[in-house]
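The values are calculated or read from the model by the stated rules, or taken from the named source; none is laboratory data. Since the model is a prediction, treat every value here as computed from it, not as a measurement. Neighbour counts are summed over all protein chains in view; Cβ atoms, including those assigned to glycine, are modelled from backbone coordinates with ideal geometry. Note: areas computed on protein heavy atoms with side chains; ligands, DNA, RNA excluded. Shrake-Rupley method; radii C 1.70, N 1.55, O 1.52, S 1.80 Å.
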Amino acid sequence: MPEPVEDFLEPVRQSAPGRTLREVLTVVFDAVGEPVLGYFLLINTSYLVLIAFAALEFARHLRRAPFAGLDDVAVSPLALPASVIVPAYNEEAGIVASVRAMLALRYAEHEVVVVDDGSADATFERLRAAFGLVEVPRVVPDDVPVRQRPTSVHVPADGRTRLVVVRKENSGRADSVNVGVNVARYPLVAMVDADSILDPDALLVVAKPFADDPDRVVATGGVIRAANGCRVVAGRVVDVRMPRSFLARIQVVEYLRAFLLGRTGWSKLGSLILISGAFGLFRRDVLVEVGGLDADCIGEDFELVLRLHRHLRRARREHRVVFVAEPVSWTEVPETARVLRSQRRRWHRGMWEVLWKHRSMTLNPRYGRIGMVAVPYYWLFELLAPVMELLGVVLVVLGLVVGAVDVDYTVRFLLVAYAFAILVSLAAVCAEELSFHRYGRWRDLGRILTSSVWENVGYRQVTAWWRLQGLWQGLTRRTQVWGTMTRTGFADETEAAGGTAGTAAATTRGGTS
């Protein structure tokens with residue numbers, strides 16, 4: 001250490017409290033130092049393993065892509081029809097462009113079901129004006145229990161547009177999706193956030209596993225990417241660019257590593273237990289069997305997939321949950337610390353509630369790889385990760401201050417905890433770039449690589465603290481306050497030309513990803 005720093009710390013170390021703290025920390029380091037290092041080594045190694053499996057799956061996908069026959073499937077009368085459910089709350093800024101894009105998805109036969117969850121803005125009025133909606137008498141079945149039944153059902157007056165808009169009192173996203181499941185007419189049900197933008201072939205590709213393996217596939221999920229900074233025309237992302245915001249850029253790297261590489265790896269291992277609520281496709285009959293989404297759970301998308309595995313394993317029914325890496329759902333990620341903090345607290349609290357609710361699956365051979373591998377992994381390396389990370393940082397800093405830890409240990413800790421993590425992020429970026437090459441500019445690629453490094457300097461520690469707060473809120477069972485999530489909306493050039501406020505701010509409740 002530099003001499004001025006040593007001179008400053010020496011009185012602290014030599015004081016009675018300093019000596020006592022040093023003795024205590026020395027004992028603590030002797031007990032937990034090596035295990036903490038081993039933990040970081042294991043978690044980053046596990047990420048590399050998942051990335052390796054994902055890379056193998058990407059290579060297989062790219063080899064088969066030219067022979068997938070999507071053009072034939074898009075017009076085939078044998079393709080299973082699908083209902084796209086869009087829960088909407090205060091989404092006036094972009095709801096029209098979003099619905100138009102979903103109606104224009106390439107697919108043999110699909111409908112769009114928008115569930116207006118008691119919006120306080122002009123969400124419904126925008127839809128009525130754009131599509132000429134008229135109210136119709138329609139009996140909605142009670143296949144899935146709901147808290148708030150529809151107050152009215154509306155369809156376009158032209159009789160051709162396959163759109164249904166359901167109005168109801170506010171009861172939350174999960175209950176709105178359940179209402180949509182009851183309204184849906186088709187055997188496949190897609191759940192898509194109202195502020196998401198889907199690639200034109202997204203529904204077509206994510207439905208393909210159902211055609212390839214109709215007896216076993218019960219759910220599929222598509223990848224979520226950050227749309228911040230991208231150019232949007234007519235509800236489509238036409239030019240992929242890195243965001244200008246520092247926070248959003250780092251989240252691009254996070255989404256690549258966790259949502260693309262991580263879930264592809266788990267899918268390859270046959271142990272996928274999380275499909276994003278922003279873009280997932282399910283068999284309607286199985287959804288009805290398990291009672292739809294749990295409206296009392298914060299992480300309702302995670303809980304649903306885990307409950308599907310539990311239900312089907314208990315019934316001894318062979319099944320598969322598949323992640324498809326190619327179709328993309330673009331979503332706006334938080335660009336302010338306040339919104340990001342709320343999101344990460346909610347995500348981690350939701351993870352705790354789901355894992356605790358299904359704790360009997362942990363290390364239970366009855367549930368196969370799900371119970372023996374995936375669920376324990378989420379307990380150890382997802383839920384406890386912020387605890388271990390902050391514990392390591394605090395111990396190292398205090399140990400340096402009072403002289404209870406040497407520089408050797410500090411260097412080893414930093415190399416294992418952060419240099420290895422940077423390597424993992426860079427490996428994820430390289431795997432994505434070699435497979436899909438979504439970012440075509442060298443400048444954007446440089447920004448991704450730079451963000452992979454800066455993610456571990458400050459950002460990671462702050463988000464670990466927020467996640468720890470979410471875990472604590474779950475443990476203490478504090479009342480969950482969703483708060484408001486202010487979105488700027490997408491800069492849709494078509495809407496701008498037509499005078500529609502496509503970039504106006506929208507206040508929504510953030511869903512889980």
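For this structure, a couple of remarks:
One line per residue, one yes/no per condition, for (1) farther than 25 Å from Asp294 by Cβ; (2) open to solvent by less than 50 Å² (accessible area, probe 1.4 Å); (3) modelled with pLDDT of 95 or more:
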position: Ser360; (1), (2), (3): no, no, yes
position: Ile370; (1), (2), (3): no, yes, yes
position: Ala374; (1), (2), (3): no, yes, yes
position: Glu382; (1), (2), (3): no, yes, no
position: Leu400; (1), (2), (3): yes, yes, no
position: Gly403; (1), (2), (3): yes, yes, no
position: Asp408; (1), (2), (3): yes, no, no
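- Within segment 263-274, not a single residue is over 24 Å from Ser196 (Cα atoms), in contact with a Pro (Cβ under 7 Å, 6 or more places away or on another chain) and open to solvent by 20 Å² or more (accessible area, probe 1.4 Å).
For (1) touching an Asp or Glu at 6+ places or on another chain (Cβ under 8 Å); (2) without any contact (Cβ under 8 Å) to a residue 60 or more places away in the chain, each residue gets a yes or a no:
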residue: Leu340; (1), (2): no, no
residue: His358; (1), (2): yes, yes
residue: Glu382; (1), (2): no, yes
residue: Leu391; (1), (2): no, no
residue: Gly399; (1), (2): no, no
residue: Val405; (1), (2): no, no
residue: Leu426; (1), (2): no, yes
residue: Glu433; (1), (2): no, yes
residue: Tyr439; (1), (2): yes, no
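- Only residues that are open to solvent by less than 30 Å² (accessible area, probe 1.4 Å) and of a type in the set (D, E, K, R) were counted in segment 328-342, giving 1.
- Applying the condition of being part of a helix (DSSP H, G or I) and among the small types (Gly, Ala, Ser) to segment 180-208 and asking which residue is nearest to Asp117 (Cα to Cα) yields Gly180.
- Residue match in segment 151-161 (condition: assigned to a strand (DSSP E or B) and under 20 Å from Asp294 (Cβ atoms)): no
- Among the residues of segment 88-96, not a single one is polar (S, T, N, Q) and at negative phi.
- Of the set (1) surrounded by fewer than 23 Cβ atoms within 10 Å (Cβ to Cβ); (2) among the charged types (D, E, K, R); (3) modelled with pLDDT under 90, all apply to Arg167 but (3).
- Qualifying residue in segment 170-179 (condition: open to solvent by 10 Å² or more (accessible area, probe 1.4 Å), hydroxyl-bearing (Ser, Thr, Tyr) and part of a loop (DSSP other than H, G, I, E, B)): yes
- Within segment 280-311, being at positive phi and open to solvent by less than 10 Å² (accessible area, probe 1.4 Å) holds for one residue alone: Gly292.
- Checked against the criteria, Pro156 counts as without any contact (Cβ under 8 Å) to a residue 60 or more places away in the chain, touching a helix residue (DSSP H, G or I) at 6+ places or on another chain (Cβ under 9 Å) and open to solvent by less than 20 Å² (accessible area, probe 1.4 Å).
- In a residue-by-residue description of segment 61-69, the property of being modelled with pLDDT under 85 and not in a helix (DSSP H, G or I) applies to at least one position.
- Taken together, the criteria exclude Ala219 from residues that are open to solvent by 30 Å² or more (accessible area, probe 1.4 Å), of a type outside the set (Asp, Glu) and either closer than 23 Å to Val324 by Cα or within 19 Å of the chain's Cα centre (by Cα) (or both).
- Residue pairs whose Cβ atoms lie under 6 Å apart, separated by 6 or more positions or on different chains, with the first residue in segment 230-247 and open to solvent by less than 20 Å² (accessible area, probe 1.4 Å) and the second assigned to a strand (DSSP E or B), are Cys230/Val237; Val232/Asp492.
- Taking the listed residues Gly118, Gly132, the one that is open to solvent by less than 60 Å² (accessible area, probe 1.4 Å), without any contact (Cβ under 8 Å) to a residue 40 or more places away in the chain and on the phi > 0 side of the Ramachandran plot is Gly132, with no other qualifying.
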